[in-house]
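The values are calculated or read from the model by the stated rules, or taken from the named source; none is laboratory data. Everything quoted here is computed from the prediction, not taken from an experiment. Positions of Cβ are backbone-derived with ideal geometry, glycine not excepted, and every protein chain shown enters the neighbour counts.
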Amino acid sequence: MIFFEFARRSIRLHWLRSLLAVLGIVIGVIAISSMGILGNSLVLSVGEALSDVGDTVVVYPHAGGFGNGAPLQTDTVITGRQVQQIERAVGVNDVIPLHLSADRIEVGGERGVVQVYGMDTADIPLLLEVTDGVYLRGASGAMVGQALARTYNLGVGSRITVGDQSLRVVGILAERGVGFDINPDRAVIVSDQWYRSVYGEEDYDQVIVKVRNLEEIEEVKHDIDAALNRREIEVDIFDTRMILETILETFGTISTFTTAIGGISLVVAGVSIFNVQMMSVTERTREVGIIRSIGTRRREVMKMFLYEAFLLGFLGSAIGGILSFGGGYLALLVMLQDTTFLFASSSLVYIPYGMLFGIGTSLISGVYPAWKAANLNPIEALRYE
């Protein structure tokens, strides 16, 4: 097409300013794509870290509550009778009652404070994963969280003193991250039998229900509430999926915000293209007058300048899209120290999004200059010097 060739010729003749306009689009596309990849990877990272508790309903004594993933210490407890009521209410879903306290720990002369969880040894595999050693089976022995093991350089067979009781470590737990049910990474896990004998507590501090079908979470919460809170509120019931969704929604908003920040650079690039196009219209006023005087229609003149804006945007977006992969990689490496989610489809989709946004910005920026050129008076344009 002849008007497409006119556009190419104009870019070639004014290569320096065209190059600067293309560079603006390149920077804009890299910014919006890299920020999009970073934001989406942040959401995926948080979702993965918390997804293992998304199927959990946590029951606390009503007078308690929770903070930092653990119930606040109060005199109120969940009794064995209430645990039985919960088991009947939730049917086939797994019910895990827990004891919880804080106590002194001593390892090789080093002292500190640690959380102690007591639970039925048969329930431990339902909630926790071991990476070294074995699951706790008998009344003696203990399992320790990954972070605690690193702090005190613990391994399978190590001896620890909790309170005034000596325990042998039989297993090291997999790192679990922040949870809304329990936080075992810096904790000691013991059998409920050992816990009762040492602390003299028969009742429980919380109950965790692992729901097998996520669609039934609301029903499980309702059944527990109906069973225990009929006359007065005895327990508080929390759905960790709801908390997880709220957190992911928040991080999704942050992701959108960071992408929008990257989009600002494309707006600046659009202004640059607008300026280039306006200069091109001014310099080619006489040319426009000539082609209009030989019968060229307004829409064809407009197409000629829009082609030029498209070429600038396409070239800049193509280069920017290729470089965006590297930009996203560097952003993840610096901000998250992890590039695992770079190849996720929901992350990579920001590259074509950024390219389309770059081309769209270029075309929008070229609309007014093209319209102005198309509406020049041919007689006056021919007189232009």
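Looking at (1) under 25 Å from Thr258 (Cβ atoms); (2) modelled with pLDDT of 90 or more; (3) not charged (D, E, K, R), which is the only condition Leu100 fails?
With (1) under 25 Å from Thr258 (Cβ atoms); (2) modelled with pLDDT of 90 or more; (3) not charged (D, E, K, R) applied to Leu100, the lone miss is (1).
Go through (1) in the same structural domain as Pro97 (by TED's automatic domain parsing); (2) surrounded by 20 or more Cβ atoms within 10 Å (Cβ to Cβ); (3) modelled with pLDDT of 85 or more for Asp181 and report which single condition fails.
Of (1) in the same structural domain as Pro97 (by TED's automatic domain parsing); (2) surrounded by 20 or more Cβ atoms within 10 Å (Cβ to Cβ); (3) modelled with pLDDT of 85 or more, only one is false for Asp181: (3).
Would you point out which residue out of Ala331, Ala309, Ala370, Ala374 is touching a residue at least 12 places away in the same chain (Cβ under 8 Å), crowded, with 17+ Cβ neighbours inside 10 Å and more than 44 Å from the chain's Cα centre (by Cα)?
After ruling out the rest, the residue left standing is Ala374.
Table: residues versus (1) at pLDDT 90 or above; (2) within 34 Å of the chain's Cα centre (by Cα).
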| residue | (1), (2) |
| --- | --- |
| Thr161 | yes, no |
| Ser166 | yes, no |
| Gly171 | yes, yes |
| Ala187 | yes, yes |
| Gln206 | yes, yes |
| His222 | yes, yes |
| Ser255 | no, yes |
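Answer yes or no as to whether Ala260 is part of a helix (DSSP H, G or I), surrounded by fewer than 18 Cβ atoms within 10 Å (Cβ to Cβ), in contact (Cβ under 8 Å) with a residue 24 or more places away in the chain and among the small types (Gly, Ala, Ser). Steps first, please.
Working: part of a helix (DSSP H, G or I): yes; surrounded by fewer than 18 Cβ atoms within 10 Å (Cβ to Cβ): yes; in contact (Cβ under 8 Å) with a residue 24 or more places away in the chain: no; among the small types (Gly, Ala, Ser): yes.
When the stated conditions are applied, Ala260 does not pass them.
Which count do you get for residues in region 50-95 that are at pLDDT 80 or above and not acidic (Asp, Glu)?
Residues of region 50-95 that are at pLDDT 80 or above, as a first pass: 56-62, 76-95.
When the remaining residues are screened for being not acidic (Asp, Glu), the result is 56-62, 76-86, 88-93, 95.
So the count comes out to 25.
Being in contact with a Phe, Trp or Tyr (Cβ under 7 Å, 6 or more places away or on another chain), aliphatic (A, V, I, L, M) and either modelled with pLDDT of 85 or more or in a strand (DSSP E or B) (or both) is the filter here; which residues of region 224-253 pass it?
Correct list: Val235 only.
Residues to consider are Gly28, Gly47; find the one that is at pLDDT 80 or above and under 32 Å from the mean Cα position of the chain (by Cα). Outline the logic, then answer.
On the way: Gly47 fails: at pLDDT 80 or above.
Unique residue meeting the criteria: Gly28.
Please work out if Ala7 is under 22 Å from Gly326 (Cβ atoms), aliphatic (A, V, I, L, M) and modelled with pLDDT of 70 or more. Reasoning before the result, please.
Numbers: under 22 Å from Gly326 (Cβ atoms): no; aliphatic (A, V, I, L, M): yes; modelled with pLDDT of 70 or more: yes.
Taking the combined requirement at face value, the residue does not satisfy it.
Tell me which helices (runs of 4 or more DSSP H) are completely within region 281-385 and hold 2 or more residues being out of contact with any Lys or Arg (no Cβ under 6 Å at 6 or more places or on another chain) and within 17 Å of Thr258 (Cβ to Cβ), or say none if there are none. Quick ask: steps written out before the conclusion?
Details: elements: 285-293, 298-335, 345-348, 350-374, 378-383.
Fully inside region 281-385 and qualifying: 298-335, 345-348, 350-374.
Considering only region 271-306, state which residues are of a type in the set (Gly, Ala, Ser) and either in contact with a Cys (Cβ under 6 Å, 6 or more places away or on another chain) or crowded, with 18+ Cβ neighbours inside 10 Å (or both). Steps first, please.
Here is the first cut: in region 271-306, the residues of a type in the set (Gly, Ala, Ser) are 272, 280, 289, 293, 295.
Selection gives Ser272, Ser280, Gly289.
Which of the residues belonging to region 191-220 are surrounded by fewer than 21 Cβ atoms within 10 Å (Cβ to Cβ), touching a helix residue (DSSP H, G or I) at 6+ places or on another chain (Cβ under 8 Å) and in a loop (DSSP other than H, G, I, E, B)?
Glu201, Glu202, Asp203
Provide a single number: the residues in region 341-375 that are touching a Phe, Trp or Tyr at 6+ places or on another chain (Cβ under 9 Å) and among the small types (Gly, Ala, Ser).
8
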